[in-house]
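Chemist: Starting off with a structure, shown below.
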Amino acid sequence: MIDVHFVPTPNGHKVSIMLEETGVAYRLIAYDMLGGDHLKPEFRRVNPNHRLPAILDHDPIGGGGVPFAVFESGAILLYLSDKAGGAFMPADPRRRSLAQQWLMWQMAGLGPMHGQAHHFIRYAPEGQDYGIARYGNEARRLLAVLDRRLGEAEYLAEEYSVADMATWPWVRATRAIALSLDPYPNIGRWFEAVGARPAVMRGTEVKNAPNLSSLRPTLTPEQWSNLFGENMLKGSEG
Ligand SMILES: N[C@@H](CCC(=O)N[C@@H](CS)C(=O)NCC(=O)O)C(=O)O
């Protein structure tokens with residue numbers, strides 16, 4: 001059994017999609033991020049970085065009977081692939097490298113840059129023109145890169161892999177920053193195909209009750225501090 005410390009965000013949905021794809025038994029432990037659940041000291045034994053998602057595997061790879069924690073959504077996808085005998089990582093070495101490259105690209109590029117675009121467009125105090133332009137441009141640039149890749153290949157690593165599972169929920173989230181996918185026909189084709197997979201549907205329906213769905217959600221000062229301010233710092237530093 002795998003405990004998934006979870007919020008229904010793109011990073012959380014990567015993991016719920018992979019668990020649905022592989023059929024591994026899991027239970028969700030829902031976190032109230034606005035309430036600062038992820039800042040509690042006891043969460044540190046699962047994720048030293050105080051971010052979601054993270055998993056605790058009670059029947060880990062390698063046995064030993066000691067539960068094993070994994071953090072960082074990309075590392076969780078790779079761990080779950082190993083656990084499922086290499087599922088959704090291509091066996092062919094060249095495709096395998098492609099899956100690793102596009103997974104790293106998602107983790108180091110698309111996720112963080114789109115995350116900053118979400119921050120400046122939706123959560124930062126109004127009037128942050130520089131941040132909105134910088135991360136909005138980068139978000140669009142990365143979509144153009146993705147569109148070009150998906151014009152060359154049906155899936156990022158030619159076959160469906162963890163790289164698609166990592167990327168798809170972030171493309172889905174572009175609706176929250178009012179970024180149209182119309183200029184990206186190859187993304188549109190791939191987005192439909194991946195989204196039609198039953199496991200992807202189940203994985204995103206899981207706890208799919210985003211309470212932050214409006215373009216500019218209203219946060220209380222306490223909630224803002226838990227996500228972006230003093231409380232957030234205290235949670236990681238304390
Ligand atoms: N690189 C990390 C990012 C994790 C992350 O930032 N998660 C967000 C939710 S999607 C979070 O925990 N936010 C809480 C906060 O910023 O305080 C991953 O991919 O797992």
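Chemist: Quick one: which of ILE29, ILE2, ILE17 is modelled with pLDDT under 95 and within 30 Å of GLN223 (Cα to Cα)? Let's see the steps before the verdict.
Modeler: Details: ILE2 fails: modelled with pLDDT under 95; ILE17 fails: modelled with pLDDT under 95.
So the residue among ILE29, ILE2, ILE17 that is modelled with pLDDT under 95 and within 30 Å of GLN223 (Cα to Cα) is ILE29.
Chemist: Taking the condition assigned to a helix (DSSP H, G or I), at negative phi and open to solvent by 80 Å² or more (accessible area, probe 1.4 Å), does ARG149 pass?
Modeler: No.
Chemist: Is it true that ALA75 is under 29 Å from GLU159 (Cα atoms), under 20 Å from the mean Cα position of the chain (by Cα) and within 16 Å of the ligand (Cβ to nearest atom)? Lay out the reasoning, then the answer.
Modeler: Numbers: under 29 Å from GLU159 (Cα atoms): yes; under 20 Å from the mean Cα position of the chain (by Cα): yes; within 16 Å of the ligand (Cβ to nearest atom): yes.
So ALA75 fits the description; yes.
Chemist: For TRP170, all conditions in the list (1) more than 16 Å from TRP105 (Cα to Cα); (2) surrounded by 17 or more Cβ atoms within 10 Å (Cβ to Cβ); (3) aromatic (Phe, Trp, Tyr) hold save one; what is the number of the exception?
Modeler: The failed condition is (1).
Chemist: Name every residue in segment 4-25 that is within 16 Å of the ligand (Cβ to nearest atom) and touching a Leu at 6+ places or on another chain (Cβ under 8 Å), in order of residue number.
Modeler: Quick first cut of segment 4-25, residues within 16 Å of the ligand (Cβ to nearest atom) only: 4-19.
The answer is VAL4, HIS5, PHE6, VAL7, THR9, ASN11, GLY12, LYS14, VAL15, SER16, MET18, LEU19.
Chemist: Turning to a different aspect of this structure: Give me the pairs: first residue in segment 216-238 and within 19 Å of GLY127 (Cα to Cα) and open to solvent by less than 50 Å² (accessible area, probe 1.4 Å), second residue more than 9 Å from the ligand (Cβ to nearest atom) and among the basic types (Lys, Arg), beta-carbon distance under 9 Å, and six or more apart or on different chains, which are they?
Modeler: What qualifies is PRO217/ARG122.
Chemist: Hey, does segment 43-52 have a residue that's in contact with a Lys or Arg (Cβ under 6 Å, 6 or more places away or on another chain) and either in the same structural domain as ARG134 (by TED's automatic domain parsing) or away from the ligand (no atom under 12 Å from the Cβ) (or both)? Let's see the steps before the verdict.
Modeler: Looking only at segment 43-52, we keep the residues that are in contact with a Lys or Arg (Cβ under 6 Å, 6 or more places away or on another chain), and these are none.
No, there is no match, as no residue in segment 43-52 is in contact with a Lys or Arg (Cβ under 6 Å, 6 or more places away or on another chain) and either in the same structural domain as ARG134 (by TED's automatic domain parsing) or away from the ligand (no atom under 12 Å from the Cβ) (or both).
Chemist: For ALA91, are the conditions met, namely being assigned to a loop (DSSP other than H, G, I, E, B), modelled with pLDDT of 95 or more and either open to solvent by 40 Å² or more (accessible area, probe 1.4 Å) or more than 24 Å from PRO8 (Cα to Cα) (or both)?
Modeler: Working: assigned to a loop (DSSP other than H, G, I, E, B): yes; modelled with pLDDT of 95 or more: yes; either open to solvent by 40 Å² or more (accessible area, probe 1.4 Å) or more than 24 Å from PRO8 (Cα to Cα) (or both): yes.
Yes: the conditions hold for ALA91.
Chemist: With respect to PRO183, is the statement that it is of a type outside the set (A, V, I, L, M, F, W, C), assigned by TED's automatic domain parsing to the domain that holds PRO53 and either over 30 Å from GLY35 (Cβ atoms) or touching a residue at least 40 places away in the same chain (Cβ under 8 Å) (or both) true?
Modeler: Values: of a type outside the set (A, V, I, L, M, F, W, C): yes; assigned by TED's automatic domain parsing to the domain that holds PRO53: no; either over 30 Å from GLY35 (Cβ atoms) or touching a residue at least 40 places away in the same chain (Cβ under 8 Å) (or both): yes.
Judged against the criteria, PRO183 is not a match.
Chemist: Does any residue of segment 81-88 turn out to be within 16 Å of the ligand (Cβ to nearest atom) and either under 30 Å from LEU39 (Cβ atoms) or polar (S, T, N, Q) (or both)? Full working, then the answer.
Modeler: We begin by selecting, within segment 81-88, every residue within 16 Å of the ligand (Cβ to nearest atom); these are 81.
Within this subset, residues satisfying the condition of being either under 30 Å from LEU39 (Cβ atoms) or polar (S, T, N, Q) (or both) are 81.
Yes; the residues of segment 81-88 include at least one that is within 16 Å of the ligand (Cβ to nearest atom) and either under 30 Å from LEU39 (Cβ atoms) or polar (S, T, N, Q) (or both).
Chemist: Could you figure out which of (1) touching a residue at least 60 places away in the same chain (Cβ under 8 Å); (2) open to solvent by 10 Å² or more (accessible area, probe 1.4 Å) isn't true of MET18?
Modeler: (2)
Chemist: Between a first residue in segment 118-138 that is without any contact (Cβ under 8 Å) to a residue 60 or more places away in the chain and a second residue that is acidic (Asp, Glu) and not in a helix (DSSP H, G or I), which pairs have beta carbons less than 9 Å apart while being 6 or more apart in sequence or on different chains?
Modeler: none
Chemist: Continuing with this model, one more query. Collect the residues in segment 108-140 that are open to solvent by less than 20 Å² (accessible area, probe 1.4 Å), over 19 Å from the mean Cα position of the chain (by Cα) and over 21 Å from LEU34 (Cβ atoms), keeping them in residue-number order.
Modeler: Listed by number, the list holds a single entry, GLY131.
Chemist: Which of the residues belonging to segment 33-83 are at positive phi and surrounded by 18 or more Cβ atoms within 10 Å (Cβ to Cβ)? Spell out the reasoning first.
Modeler: Restricting attention to segment 33-83, the residues satisfying the condition of being at positive phi are 36, 50, 62-65, 72.
The answer is GLY36, HIS50.
Chemist: Ok, one more. Tally up the residues in segment 1-32 that are in contact with a helix residue (DSSP H, G or I) (Cβ under 7 Å, 6 or more places away or on another chain) and in a loop (DSSP other than H, G, I, E, B), please.
Modeler: Qualifying residue count for the region: 2.
Chemist: Let me ask something else about it. Collect the residues in segment 195-216 that are closer than 30 Å to GLU21 by Cβ, more than 12 Å from the ligand (Cβ to nearest atom) and at pLDDT below 90, keeping them in residue-number order. Before you say what the answer is, go through the steps one by one.
Modeler: Of segment 195-216, the ones closer than 30 Å to GLU21 by Cβ are 195-213.
From the residues that got through so far, the ones that are more than 12 Å from the ligand (Cβ to nearest atom) too are 195-209, 211, 213.
Answer for segment 195-216, where residues must be closer than 30 Å to GLU21 by Cβ, more than 12 Å from the ligand (Cβ to nearest atom) and at pLDDT below 90: GLU205, VAL206, LYS207, ASN208, ALA209, ASN211, SER213.
The values are calculated or read from the model by the stated rules, or taken from the named source; none is laboratory data. The structure presented is a predicted model; accordingly, all values stated were derived computationally and were not measured. Counting neighbours? That spans all protein chains shown, and the Cβs are built from the backbone with ideal geometry, glycine included. The protein model used for the area step is the full one, side chains on, heavy atoms only, and it has no ligands, DNA or RNA in it. Shrake-Rupley method; radii C 1.70, N 1.55, O 1.52, S 1.80 Å.
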